[in-house]
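Accompanying notes for the structure given below.
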Amino acid sequence: MFRLTKETPDDEYEVEYLFDLAFAPGREALSSYRLREGVPPVGDLCTIARDDYDVLAGAIRFWPVTVGDGGHAALLLGPIAVHPTRQGEGLGGLIMTHSLEAARHAGWDRVILVGDAPYYSRFGFERDLATGIDFPPPTNPDRLLAQALRPGAFEGVTGAVRKWQPKTSGG
């Protein structure tokens, strides 16, 4: 049995260790990390899973980004990881489904990620929705996937994915 909760600052070191364990060394050199630098994750959506012994078994994070000259808000999903000893138990799917539903309820319209289409398509991610969206290099464009959390959320959304810039009030 797993307990899903929001990630807290107290969880950060464990979550970072899990991501280091799950991904190759140098994961922070990926282009997606350039979009995350200096930008806080969307805390209400970052989810962890703990087992009955309170051991961290999985985690997912989301980051705000913008797409195109119109500055369309989107979520960048990732990383998501399940501890190697807990893989194959459906935990990744549980975390993914839970967090995407939370994103929908929080009012987000669109999610993008870089990943394997055969895995992520079962959660509603599509390559076709990402057509016309440019992710910073070096990224294989065939691995850019998207999901509309609301019907038509990607209509007219094209251009470069950029680091989130908080809106400033003009005066």
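The values are calculated or read from the model by the stated rules, or taken from the named source; none is laboratory data. Since the model is a prediction, treat every value here as computed from it, not as a measurement. Quick reminder, even Gly has a Cβ in these numbers, built from the backbone with ideal geometry, and neighbours come from all protein chains shown. These accessible areas exclude ligands, DNA and RNA; they are computed on the full protein's heavy atoms, side chains included. Shrake-Rupley method; radii C 1.70, N 1.55, O 1.52, S 1.80 Å.
Descriptive notes on the structure:
- Residue 128 accessible area, 1.4 Å probe, all protein chains in place, Å² to nearest 10: 120
- Solvent-accessible area of residue 37 with every protein chain in place, 1.4 Å probe, in Å² to the nearest 10: 90
- Contact order for segment 12-134, expressed relative to its length and based on alpha carbon pairs under 8 Å spaced 6+ residues apart, stands at 22 percent.
- Across all directions, the average projected area of the convex hull around the alpha carbons of segment 60-129 is 5.1 nm².
- Summarised in one figure, the compactness ratio Rg/Rh of the chain, Cα atoms and Kirkwood Rh, is 0.96.
- Label sites at residue 94 and residue 165, each approximated as a point 7 angstrom past Cα along Cα to Cβ, lie 4.2 nm apart.
- Helical runs (DSSP H, four residues minimum) scored at -39500 (n - 2.57) apiece and divided by the length of the chain put the mean residue ellipticity at 222 nm at -6000 deg cm²/dmol.
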